[in-house]
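Participant: Quick one: the structure is below, questions incoming.
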Amino acid sequence: MSDIKKVIKDKRTDLNPVWIMRQAGRYLPEFREIRKKNTNFIKLCLDYNLSAEITLQPLKRFDLDAAIIFSDILILPYGLKQKVEFKKNIGPILGDLDFDQISKITENAFIERVDPVYKAINLVRNNNLTESKSTIGFVGAPWTLLVYILNKQSPKIKLKEDFFKDHSLIKKTLNLIDKFLKIHIKNQIDSGAEVIQIFDSWAGLLDDKDLDFYIYNPTCSLVEYIKSLNVPVICFPRGIKNYKKYCEIVQPDVICIDYEVDPKKIEKEIKIPVQGGMDPKILLTDKDNLKKEATKYLDIFKDHPYIFNLGHGVLPDTDPMMMDYLVKTVKNYK
């Protein structure tokens, strides 16, 4: 059993497993070489040989405890035949939503479109680099996917003023997302994913009164489903105001925290294993500062089951040598 699973299942506090969100990707020169030749991001995610190679790149460099599959949460709308493209300095742009067309998509047609993701997971799982490590699959949370599917771009740029207007479209879309996320999760697990992380990147956009409908209920449905498959689930509701309440309602196996939350408060209030927290910008500073910040989190969670990670994805300007230093700092922590 990998150290990550020992922390999750056995609540071990004597281990310091580490993996990093976006560990495979844009800060690594070997990834940039591949990316230069593969300008279409979704196509790259769907080239299973390259996807597996990219997933394994950080494990060749650093003593990480998990491989997280190189893919994207927007593989789901792509699988539902919504146009998805990534524009430099803008981010994802999605096409118009033809609900009549989308609602006719069969399970088999969806699986066929995104099957390379499952092939890549299988290649990663069967690689000797991942023998004693966890292979992590992931999905976007229903709310975050709803935002992209209906808003058609990142809400960081702009959330449409009438976004919440058509309640019946929202309801239909959430039901569809739930159905196909479960198919996507099941196929990732069948292909070798031993842990699933749910990324709710835009959880912080909502008011408290909307959380039940948009976050708690749809995420609970996924968490219960993943647990029924005997696979642990990590939830990352980035920007949520009340992590304690989220854990009590959603009941993930692990809660991943963002860098704006007070880790001491989390350690006091939350009983389940915790992951993450450190600000990715710390990796852009110097080694002394990096060691101090990483050690702060390790000290706070010393007697709490904890998986070291960042409070968001690694930034493109990160020096791989700093990542190496971070991983070694975590591994050498006593």
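What follows is calculated from the coordinates using simple rules that are stated; it is not laboratory data. Because the structure is predicted, anything quoted here is derived from the model rather than measured. Virtual Cβ from ideal backbone geometry, glycine too; neighbours counted across all protein chains shown.
Participant: In the stretch 267-314, what count of residues is obtained for those that are under 25 Å from Gln251 (Cβ atoms), crowded, with 16+ Cβ neighbours inside 10 Å and of a type in the set (D, E, K, R)?
Facilitator: Qualifying residue count, the stretch 267-314: 1.
Participant: Continuing with the same structure: Check Asp162, Asp200, Asp178 and return the single one that is out of contact with any Cys (no Cβ under 6 Å at 6 or more places or on another chain) and either among the aromatic types (Phe, Trp, Tyr) or over 18 Å from Val233 (Cβ atoms) (or both).
Facilitator: Asp162
Participant: Limited to the stretch 3-17, what total is found for residues that are in a loop (DSSP other than H, G, I, E, B), without any contact (Cβ under 8 Å) to a residue 40 or more places away in the chain and surrounded by 15 or more Cβ atoms within 10 Å (Cβ to Cβ)?
Facilitator: Here the count works out to 1.
Participant: Continuing with this model, one more query. Condition first: acidic (Asp, Glu) and in a helix (DSSP H, G or I). Now tell me which residues in the stretch 183-216 satisfy that.
Facilitator: Asp190, Asp208, Asp210, Asp212
Participant: Which residues, counting only those in the stretch 127-150, are surrounded by 14 or more Cβ atoms within 10 Å (Cβ to Cβ) and either among the hydroxyl-bearing types (Ser, Thr, Tyr) or free of Cβ contacts under 8 Å to residues at least 24 places away in the same chain (or both)?
Facilitator: Thr130, Ser134, Thr135, Thr144, Tyr148
Participant: Select from the stretch 58-108 the residues that are assigned to a helix (DSSP H, G or I), out of contact with any strand residue (DSSP E or B) (no Cβ under 8 Å at 6 or more places or on another chain), surrounded by fewer than 21 Cβ atoms within 10 Å (Cβ to Cβ) and not β-branched (Val, Ile, Thr) and list them in ascending order.
Facilitator: Lys60, Arg61, Phe99, Asp100, Gln101, Glu107, Asn108
Participant: If you scan the stretch 200-231, which residues turn out to be touching a Lys or Arg at 6+ places or on another chain (Cβ under 7 Å), buried (at least 17 other Cβ atoms within 10 Å of the Cβ) and farther than 18 Å from Phe180 by Cβ?
Facilitator: Ser201, Ala203
Participant: Go through (1) outside any loop (DSSP other than H, G, I, E, B); (2) without any contact (Cβ under 8 Å) to a residue 40 or more places away in the chain; (3) farther than 25 Å from Gly239 by Cα for Lys328 and report which single condition fails.
Facilitator: So Lys328 meets the others, but not (2).
Here is a yes/no grid of residues against (1) under 21 Å from the mean Cα position of the chain (by Cα); (2) under 25 Å from Leu28 (Cα atoms):
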| residue | (1), (2) |
| --- | --- |
| Glu248 | yes, no |
| Leu298 | no, no |
| Phe308 | yes, yes |
| Asn332 | no, yes |
